Amino acid sequence: MSGYFFYTMMFNAKHDFTELGVYRLQVESLRGKAVQQKKEYQVYPFNPNFISDYKGYALGLTTIEIDRLHAYRNKNKWINSISDFKKVTLIPDSTLVAIAPLFKFPKKKINNKFKKNTKKKYKSLSYRQKKDLNNVSVEELIEDIKLPDFVAIKIIRYRDKLGGFIDDMQLQDVKVYTSQKHKILSMYTVKTPQNIKKININKASIKELVAVPYFDFEMALDIRDFIEKKGEISNFEELGEIKGFSLEKINRIELYLTLN
């Protein structure tokens, strides 16, 4: 009887170890597939001259846009800038803004002539002559202003994040050279400002304050606590008493808020 019990225990243990081994192999297999999938979907900087059909599809390009690129390259021509890529493929700005930061072109020497030109003062056009800053495309900024590709993309990306500019002064929030900003505003202005309803800061909820582009959740909490403890504020400058609050952007913050 004891021999039978011992044999049964050994058989069950062997059976359990076998199942454990199979289970372990399955886990390792799944883990390997997960790692492989992660590697497959990671996107690194790349030269847009060598976009394959698969990569183009993964980046969100249409088959027509990919075909335009390949037809261009088959003529032994090269894409040397983001504006070149836009002209050849005719992709919409929404796609370009998303993928252009990944483009990696061979390094070129700095054009000293361009550097000197950026120091010039530009004669501003009249309001009627200026184009709408809320409708300008990446390509127009590159061609009209002679902005570097990445600067033009940075401006359009920030505009899209805001949902549209309300005032020209919001261009200050984009890191561009002063000379570049002056040239942009000499040719463009906000003619169709984003239509928003100002929020009463003294009555605003945390959710409403977070909706203001210049506030994160922590700052919204601090503002709400500050007003609840001190009482309603009569001047936006009072917010400077809050630790970590910068009055540097107060003129842009006022575009979204009211005191009553």
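Between M169 and Y57, how high is the FRET efficiency from 1/(1 + (r/R0)^6) when r is the Cβ-Cβ distance and R₀ = 30 Å? Nearest 0.05. It would help to have the intermediate numbers written out before the result.
On the way: r = 41 Å, r/R0 = 1.36.
For R0 = 30 Å, the calculated efficiency reads 0.15.
Taking 1 over the mean of 1/r across every pair of different Cα atoms in the range 110-257, what Kirkwood radius in Å do you get?
Values: mean 1/r = 0.0581 Å⁻¹.
Its Kirkwood hydrodynamic radius stands at 17.2 Å.
Probe of 1.4 angstrom, ligands and nucleic acids ignored: what's the accessible area per residue over the range 182-260, in square angstrom?
Working: 4560 Å² over 79 residues.
Accessible area per residue, the range 182-260: 58 Å².
Taking Rh as the Kirkwood radius computed over C-alpha pairs, what is the Stokes-Einstein D of the range 167-244 at 10 °C in a medium of viscosity 1.306 mPa s, expressed in µm² per second?
107
What span do the alpha-carbon atoms of the range 207-248 cover on each of the three principal axes, reported in whole Å from largest to smallest?
Here the spans come out as 23, 22, 16 Å, largest first.
Using alpha carbons only, how many angstrom separate the centre of the range 207-260 from the centre of the range 159-192?
So the two Cα centres are separated by 23 Å.
The values are calculated or read from the model by the stated rules, or taken from the named source; none is laboratory data. Because the structure is a prediction, the values reported are computed rather than measured. Heads up, the Cβs are rebuilt from the backbone with ideal geometry, glycines too, and the neighbour counts pull from every protein chain shown. Just the protein is used for accessible areas: all its heavy atoms, side chains included, with ligands, DNA and RNA removed. Shrake-Rupley method; radii C 1.70, N 1.55, O 1.52, S 1.80 Å.
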